[in-house]
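The values are calculated or read from the model by the stated rules, or taken from the named source; none is laboratory data. As the structure is a computational prediction, the values presented were derived from the model and not from experiment. So basically every Cβ, Gly included, is an ideal-geometry build from the backbone, and we count neighbours across all protein chains shown. Heavy atoms of the whole protein, side chains included, go into the accessibility calculation; ligands, DNA and RNA do not. Shrake-Rupley method; radii C 1.70, N 1.55, O 1.52, S 1.80 Å.
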Amino acid sequence: MSEMDKNGYQATILYVVCHMGLIFFLYPSDMFSGMDMGHWIGISISYALHAAALYMYMKGLKWAAQRNVVEMFRSTGKYLAWILLLPAFFYFGIAIIVTLRAYSEMLTLVFLSTTPLWAVQLLLIAIGFLMAWQGMSSMARTGVLLVVLFMFPILFVLCLGFQNVDWYYLLPVIDPEQTLHFLAKPDFLVSLFVYAGGSFFLGLLPPSIHISIKKMMLGCLLLLPMFFLSVYLPLLTFGQATAELYQFPMLMTIDTVNITWLLFDRITIFFLLSLMAFALLYLGVTLWVLVTLTKEAIPKIPKIYLLIVLTAGLFAISLAIPNWNSLKNLQVWIIPLRMYIFLVLPLITFLIGWRHKHKANRATEVT
């Protein structure tokens, strides 16, 4: 076991990488559709809820001291465990379909305009399949490698993104008549996609990969500026009225950057490929979560067969989505599942963990 596994760095890096792969693509457009001004309020509220849910989830796992979240839920009763985990299974399946389709559309839009969409989707799901097949330890090491290779280029491009900002668009910082009605808007609730599901895998990690709550919360803190940049860079470049018209506002922002001395003709390709590596790891991790949950339910079937069936099924469903509007509708339909994964599941984990701790303390007092 490497020093990195023991210190909890690998789990933290994996968590950060999975979120980085999602933040800059779908999140900004959902935020612009969900809010007209005072975006920082929406980001702060959803981020604070995510940080609280992440802390509760990890605290519950630590208290229960079980090998994984499935065993922990089984302690409440076999059937209840699957009733609680079935929504998670469906949610992750749909999350893969949405990610696969959205990212394929984006790659086709930016630099594969003549490639059929199904071919791009096949390539992405094949890479995700290979990652999931290699297992979590392999993906954790890949996460470290991706951070070393791509984090600096991404930060470099984000800094260059300030080239065309107009600080006037920052005003008004807050609307005097600002209400919290946006919290019930479907577009705002769809934007929570970026928070839900990027940390559930922590409850299924093998014993060789340790979790440090302190390092995980630090990783969560490092993501905060990324959430703000993903929304405010397009906002300060185009203004709300224009930014909300774009399918991928962040890509359009990077496209406006004009640099003559860089090796790449378009800096967008540089940025997109760097983040695509992170998104592929997210696909791999989510596929692995699905297979792990299925294996726990059907232990007799070898993992590789389950992985092949799940991958083929998800690929077929993603092909069946006719257009972008259908994809948007699918994201709206799964809002209840998203809220369950985002807030309810971490709370249940926390309560089961607290019950275990309480029982252990009572047992110690008796002896």
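Assorted remarks:
- Within the set Leu345, Leu319, Leu330, Leu310, the sole residue that is part of a helix (DSSP H, G or I) and open to solvent by less than 20 Å² (accessible area, probe 1.4 Å) turns out to be Leu345.
- Residue in the range 183-198 that is over 22 Å from the mean Cα position of the chain (by Cα) and either under 30 Å from Val291 (Cβ atoms) or part of a helix (DSSP H, G or I) (or both) present: no
- When Ile304 is tested against (1) buried (at least 17 other Cβ atoms within 10 Å of the Cβ); (2) touching a residue at least 40 places away in the same chain (Cβ under 8 Å); (3) under 26 Å from Thr142 (Cβ atoms), exactly one condition is not met: (1).
- Note on the range 48-80: residues that are closer than 29 Å to Leu229 by Cβ and either open to solvent by less than 30 Å² (accessible area, probe 1.4 Å) or touching a Leu at 6+ places or on another chain (Cβ under 7 Å) (or both) amount to 8.
- A single member of Leu100, Leu130 is modelled with pLDDT of 90 or more, open to solvent by 10 Å² or more (accessible area, probe 1.4 Å) and under 23 Å from the mean Cα position of the chain (by Cα), and it is Leu130.
- Check on Val285, within 18 Å of the chain's Cα centre (by Cα), among the β-branched types (Val, Ile, Thr), more than 30 Å from Leu158 (Cα to Cα) and not in a loop (DSSP other than H, G, I, E, B): no
- No other residue among Thr294, Thr260 is open to solvent by less than 50 Å² (accessible area, probe 1.4 Å) and among the polar types (S, T, N, Q) apart from Thr294.
- Single match in Leu245, Leu233 (criterion: aliphatic (A, V, I, L, M), in a helix (DSSP H, G or I) and out of contact with any Asp or Glu (no Cβ under 7 Å at 6 or more places or on another chain)): Leu233
- Criterion violated by Ala277 - all others in (1) farther than 22 Å from Leu145 by Cβ; (2) open to solvent by less than 70 Å² (accessible area, probe 1.4 Å); (3) at pLDDT 85 or above satisfied: (1)
- Evaluation of Ile45 against (1) open to solvent by 10 Å² or more (accessible area, probe 1.4 Å); (2) touching a helix residue (DSSP H, G or I) at 6+ places or on another chain (Cβ under 8 Å); (3) among the aliphatic types (A, V, I, L, M); (4) under 27 Å from His356 (Cα atoms) (one fails), failing number: (4)
- Of everything in the range 185-234 that is open to solvent by less than 10 Å² (accessible area, probe 1.4 Å) and among the polar types (S, T, N, Q), the residue that is nearest to Trp167 (Cα to Cα) is Ser230.
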